[in-house]
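So the structure is just underneath, and the comments pick up after that.
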Amino acid sequence: MKNWDQILVGPTVPILDVIKILDRFAAQIVLVVDSDRRLLGTITDGDIRRGILRGLVLDEPATAIMNPKPLTALPSSSPQERLALIRSRRLRHLPVVDAGGVLVGLETESELLAGEELPNWVILMVGGLGERLRPLTATTPKPLLPVGGRPLLETILLQLAASGFRRVFLAVNYMAEKFEEAFGDGSRLGLDIRYLREDGKLGTAGALGLLPEMPSGPVVVMNGDVLTSVNYRALLDFHAEQAAAATMCVREYDIEVPYGVVEVENSRVRGLKEKPVLTHFINAGIYVLDPVVLGHLETGQPCDMPGLLTKMMAQERPVVAFPIREYWLDIGRLDDFAKANGDYDHVFRGTDG
């Protein structure tokens, strides 16, 4: 990796600054080194997301979350040997250190594979009526409304293409013909777009039962009204690392109680909290599903995603949460639509193709 020295941090650097470096350089890894550049450990995008789920304190030092024993390679190793090491542990990065433990480089899977395409399919749910956005959706489906000067769905598709996906299914219903007119077979976007036509309301997961065949690996499922800069490769890596049957993207959501909260036990006041902020994880409308999950769907039968995932949990199949740190907005209401257009230039311009 070129300019790998830009993602070096010392052991006492706060985790908040580590996150800023991860976001600024989009490398998905930060290398923790001492003053002589000896490698002390690594911090990946996945480490940060797992920390968020644990209630990570952002002013803690980098050493609190780093992996102190990362897999490394010697400078004398060949590209083939490095790729084999990366694949053996399902990694994206491989630090290169000399015999004294001094960092001399960073190898990445993407550079070794020179832009290999992702085999995973993507299914975008775009068949909803968008009733809360009327009158805008009276003549235009919500995913085709203009955000930043182009249809929202086009931005999503361009990001998928840039991430390496090729096969995309659009689950259509309301004004289905407009999607085909806008995107056709997807070739102009570098994609292979196919259509799943819902004859009736199939719920948030039922359209998955219309897939023409069972995929060979995990699929990404996403609502077509979500504007996000989520890292899809990091999402797939997380899913594989967790050996999950299903991964649900989640987002932190804060609710401020507008009153002082009183904690009472048997008529005694045990505590007082003035306007506390409650933090919850909410469903972000993006999932990764293994084929075993899709096997529980019946063609043409309605099914909602919460019910499908609940069934997996009842069978003790792992369902895990992937926290989205990046920009995310569910465009469900008119004020969301206005915010998306206001945010677009500084979040997506220059990165959407």
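Provide the gained length on full extension for the span Lys311 to Phe25, in nm with one decimal, where the gain is 0.36 nm per separating residue minus the Cα-Cα distance.
The span from Lys311 to Phe25 would gain 99.0 nm if fully extended.
Build a GNM of the chain with springs between Cα atoms under 10 Å: which of Val220, Val122, Val292 gets the top mean-square fluctuation?
For the chain, modelled as a Gaussian network with Cα springs under 10 Å, the answer is Val292.
If R₀ is 41 angstrom, what is the calculated FRET efficiency for the pair Ala240 and Thr63, using the beta carbon separation as r and rounding to 0.05?
The formula returns an efficiency of 0.95 here.
Can you work out the FRET efficiency for the pair Ser229 and Asp335, with r the C-beta to C-beta distance and R0 = 22 Å, to the nearest 0.05?
Using R0 = 22 Å, I get an efficiency of 0.60.
Where the centre of each part is set by its Cα atoms, how far does the range 235-308 sit from the range 121-144, in angstrom?
Each part's Cα centre sits 24 Å from the other's.
Give me the extension gain from Gln301 to Leu136: residue separation times 0.36 nm, minus the current Cα-Cα distance, reported in nm with one decimal.
Residue separation times 0.36 nm, minus the Cα-Cα distance, leaves 56.4 nm.
Quick one: work out the % antiparallel among DSSP beta bridges in the chain, nearest 5.
If we restrict to bridges inside the chain, about 65 percent are antiparallel.
Taking square-rooted eigenvalues a ≥ b ≥ c of the alpha carbon gyration tensor, is the range 1-51 rounded, prolate or oblate, where a/c under 1.5 means rounded and, failing that, a/b exceeding b/c means prolate?
Oblate is the answer for the range 1-51, as a/c is 1.5 or above yet b/c matches or exceeds a/b.
Can you tell me which lysines have their Cα less than 22 Å from the Cα of Lys201? Leave out same-chain residues fewer than eight positions away.
The reachable lysines, counting only those whose Cα sits under 22 Å from Lys201, are Lys142, Lys178, Lys311.
Please give the FRET efficiency for Arg197 paired with Val262, using the beta carbon to beta carbon distance and R0 = 51 Å, rounded to the nearest 0.05.
0.40
Using θ = phi - 60° and the Karplus form 6.51 cos²θ - 1.76 cosθ + 1.60, what ³J(HN,Hα) does each residue of the range 33-49 get, whole Hz, x for Gly and Pro?
Result, rounded to whole Hz: 10, 8, 5, 9, 6, 6, 6, 9, x, 10, 10, 9, 4, x, 4, 5, 5.
Answer with a single label: of (i) 1.10; (ii) 0.95; (iii) 1.02, which was calculated as Cα Rg over 2.2 N^0.38 Å from the structure in view?
Structure-derived value, by its label: (i).
No lab work stands behind these numbers, since they all come straight from the coordinates. Note that the coordinates shown come from a computational prediction; the quantities given were computed from them, not determined experimentally. Cβ coordinates were reconstructed from backbone atoms using ideal geometry, including for glycine residues, and neighbour counts include every protein chain displayed.
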